[in-house]
Structures are given as structure tokens and as C-alpha cells.
1. If you check every pair at least six apart or on different chains, which have Cβ atoms under 8 Å apart with a residue in segment 131-153 that is farther than 10 Å from residue 52 by Cα first and a residue that is open to solvent by 70 Å² or more (accessible area, probe 1.4 Å) and basic (Lys, Arg) second?
2. Of (1) part of a helix (DSSP H, G or I); (2) aliphatic (A, V, I, L, M); (3) modelled with pLDDT under 95, residue 89 satisfies all except one. Which?
3. Please indicate, with yes or no, whether at least one residue in segment 6-24 is open to solvent by 70 Å² or more (accessible area, probe 1.4 Å), within 25 Å of the chain's Cα centre (by Cα), modelled with pLDDT of 90 or more and not aliphatic (A, V, I, L, M).
4. Scan segment 106-128 residue by residue and report those that are farther than 14 Å from residue 178 by Cα and modelled with pLDDT under 90.
5. Those residues that are surrounded by fewer than 17 Cβ atoms within 10 Å (Cβ to Cβ), aliphatic (A, V, I, L, M) and within 15 Å of residue 155 (Cβ to Cβ), I need them from segment 26-59; list them, please.
6. Regarding segment 60-69, can at least one residue be identified that is open to solvent by 10 Å² or more (accessible area, probe 1.4 Å), out of contact with any Leu (no Cβ under 7 Å at 6 or more places or on another chain) and within 28 Å of residue 149 (Cβ to Cβ)?
7. In segment 158-197, which residues are more than 22 Å from the chain's Cα centre (by Cα) and among the aliphatic types (A, V, I, L, M)?
Amino acid sequence: MEMAAAWTVLVGERAVEVVVRCVRGRRELAAAATLLALPTHAADAPLARARLQLVRSMLSDASVELALAASAATAAELLALRGATDHPAAPPLSVHRVPDGDLFARFALSLLQGARGCADDACDAVQRCGGHLRTAVNLLGCPGLHGIDGFLDAERAAAHGDLAAAKNLALVSAVLAITAHLFVCLAESRERSTSSA
């Protein structure tokens, strides 16, 4: 039973780390969205370029946090797979092979997999957003281009859409990880009551 208590603590810690990292990443994304909402015009190229570079820096920081959240979720999954079995040396390969009696562990695993997927998808959305910003910065280097402000608006709008998606995915990842933590706590509580009975 000590093994069960040990794995639930480790998985719980990783789940909390997922939440913290997603919240930090989302905070960076929210700050970036505020700057990105400002209009970008070729006539203000130096100021617009500096602002877009700052947004790209914020995206980089957010991407690191979201990637670390995905990594922590993966670690939690692996720990939970090992801990949820009677044979830790040969853990099940997927959540579907966790013993049926450990329903809380199965739920936690499924939620952690979802949290990891959302954090990964948020990273992808951040990368797409960064691509649009790089295009906008490159366009600012072509002041004589006919219709440049329209192109800049299109890139900024696309970047804003990807940024909004990343924010939402980071939030969902955090919520899934919090819920997984709850199920891990329930699994631990059930283990304690079973071992004391």
C-alpha cells in the first residue's frame, strides 16, 4: 500500500505542475493578446516591428511553459500507469489496461492524457501565431508594397485567432489536470480506507 501512496503523491505533484505551467503560459498569452490587439500600420513600421517582436518574445515564454506542462502531464501519465498496477515492473501500456477496480486511476489517466494533448495543441497554436507575426515583421520591411496595411491586418487577425485558441487550450489543459488531481486524491483516499479496513 505504500507504493500506492507514493505514486498518488508523485502524480498529484505533476498534475499541479501542469496547472501552474498552463496558468503561467496563459498569462503570457493574455499579455501578448493585449499588445497584438493594437493596430499595425506600415507608416509606423519601427514601432509596429518593436511591438511585434515583444509579442513574439512573450509567445516564446508561453511556449516554454506549455511545453513543460505537456512534459509534466506525460510524466504524470507514466507514473500513474506504473502506480495503478499490481505489477509496477510491467505497467500497462495504456489507460485501457489499468485494472477495472481502479476506476479513479483510470479517470485520472484519461484526464492527464487530455491535459497533455491540450498543452501540445496550445504549443502548436503558439507556433502558428509566431509564424503570422514573422510574416507581419517581414511585411513591415516592404513599405512600398501596395495594400500592405491590408496584409498586415490579415496576418495580425490570423495571429490573434491562433493566440485565442492557445489561451483556450491552456485553460482546458489546466482544468483537466486539476480534475485529474482530484481523481488521484480520491484514489489515494480509497487506498487508505482499503488498507485500514
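1. Pairs found: 140/49.
2. It fails just one condition, (1).
3. Yes, segment 6-24 contains at least one residue that is open to solvent by 70 Å² or more (accessible area, probe 1.4 Å), within 25 Å of the chain's Cα centre (by Cα), modelled with pLDDT of 90 or more and not aliphatic (A, V, I, L, M).
4. If we filter segment 106-128 for residues that are farther than 14 Å from residue 178 by Cα, which is where we start, we get 106, 117, 120-128.
Within segment 106-128, just 106 meets the criteria.
5. 35, 37, 38
6. Step one: list which residues in segment 60-69 are open to solvent by 10 Å² or more (accessible area, probe 1.4 Å), which gives 60-61, 63-65, 67-68.
When the remaining residues are screened for being out of contact with any Leu (no Cβ under 7 Å at 6 or more places or on another chain), the result is 60-61, 63-65, 67-68.
Still in the list and also within 28 Å of residue 149 (Cβ to Cβ): 60.
Yes, that holds for at least one residue.
7. Once the filter is applied, which keeps residues that are more than 22 Å from the chain's Cα centre (by Cα) and among the aliphatic types (A, V, I, L, M), segment 158-197 yields 186, 187, 197.
Quick grid of which residues meet (1) outside any helix (DSSP H, G or I); (2) open to solvent by less than 50 Å² (accessible area, probe 1.4 Å); (3) farther than 25 Å from residue 17 by Cβ; (4) in contact with a helix residue (DSSP H, G or I) (Cβ under 9 Å, 6 or more places away or on another chain):
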site: 139; (1), (2), (3), (4): no, yes, yes, yes
site: 143; (1), (2), (3), (4): yes, no, yes, yes
site: 146; (1), (2), (3), (4): yes, no, yes, no
site: 151; (1), (2), (3), (4): no, no, yes, yes
site: 159; (1), (2), (3), (4): no, yes, yes, yes
site: 168; (1), (2), (3), (4): no, no, no, yes
site: 173; (1), (2), (3), (4): no, yes, no, yes
site: 177; (1), (2), (3), (4): no, yes, no, yes
site: 180; (1), (2), (3), (4): no, yes, no, yes
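The values are calculated or read from the model by the stated rules, or taken from the named source; none is laboratory data. Keep in mind the model is a prediction, meaning the values are calculated, not measured. Don't worry about glycine lacking a Cβ; one is built from the backbone with ideal geometry, like all the others, and counts go over all protein chains shown. These area figures cover heavy atoms from the full protein model, side chains too; ligands, DNA and RNA do not enter into them. Shrake-Rupley method; radii C 1.70, N 1.55, O 1.52, S 1.80 Å.
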